[in-house]
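Read-outs throughout are calculated quantities, based only on the coordinates presented, and are distinct from any laboratory measurement. The structure displayed is predicted, hence computed values, not measured ones. Cβ coordinates were reconstructed from backbone atoms using ideal geometry, including for glycine residues, and neighbour counts include every protein chain displayed.
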């Protein structure tokens, strides 16, 4: 039987199209979700705190060449264009509709390319900072691993991976303990449960080693009683 979501495939990852067509690929949904009140509601009122914390850490990061890996709803991309020189900021996404939205908000000068985060077309060691804003929890385990491996490959010596995401398994948080919200959240985000159990730092260290690099946490900020996090990882070449 024909599956409606297949209409959106066109070279996009199957998991993205199957589970998130209604949120990121359907033009009417893109228009709906890209309203600040909607975004803030989805993040339980924490969007501005998360964005501000991300931008604050970005001020400390090397900005020679910055990659925002996949587009995001809201005002993060326009803020990035003001924080980073236009010629130094790159943004990539696998969905054309998301790239078009980002360019409409941030201006035509934005360098936007269509790529799958699991297989980037950039040279190794080509970025000083990569920004990952609420991407990993929407990926199955292997896709997360592939994407983070690509981050380790393209980040240059002394560069930064800036990760804004859900925190580790929030067993004591009231949102997690309230069964109806936990049920709804994990139904809308089918890969979140797996991400909650993922040790991101440990995984990054394994992946970095494959490129003879090392990873350390430069800063970490818990948001909303650790339901969310903003973590800055520094990537360096192995010495000796």
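Could you list 230, 206 in order of exposure, starting from the residue whose Cβ has the fewest other Cβ atoms within 10 Å? It would help to have the intermediate numbers written out before the result.
Working: 230 24, 206 14.
Least crowded to most crowded, the residues run 206, 230.
So for the chain, averaging the separation of alpha carbon pairs under 8 Å that are six or more residues apart and normalising by length, what relative contact order in percent results?
Numbers: 401 pairs, mean separation 42.2, N = 240.
Averaging sequence separation for qualifying contacts and normalising by length gives 18 percent for the chain.
Sort out for me the Cα centre separation of segment 27-71 from segment 177-200, rounded to whole Å.
If we compute the Cα centre of each part, the gap is 20 Å.
Based on the mean of other beta carbon atoms within 10 Å per residue, what is the order of 38-49, 13-24, most packed first? Mind dumping the intermediate values first?
Working: 38-49: 15.5, 13-24: 18.2.
So the peptides 38-49, 13-24, ranked by packing, come out 13-24, 38-49.
Label 7 Å along Cα→Cβ of residue 18; segment 107-141 residues with amide nitrogen under 11 Å?
Under 11 Å, as judged by backbone N against the label point of residue 18, lie 140 of segment 107-141.
Specify which labelled value, from [x] 14.7; [y] 13.2; [z] 16.6, agrees with mean projected area of the Cα convex hull in nm² derived from the coordinates of the model shown.
[y]
Can you tell me the length gained on complete extension of the stretch residue 3 to residue 239, counting 0.36 nm per residue apart and subtracting the Cα distance? Mind dumping the intermediate values first?
Values: separation 236, 0.36 × 236 = 84.96 nm, distance 5.16 nm.
Full extension of this stretch gives 79.8 nm more.
Could you calculate the contour length gain from residue 176 to residue 100, that is, 0.36 nm times the residue separation minus the distance between their Cα atoms, to one decimal place in nm?
23.9 nm
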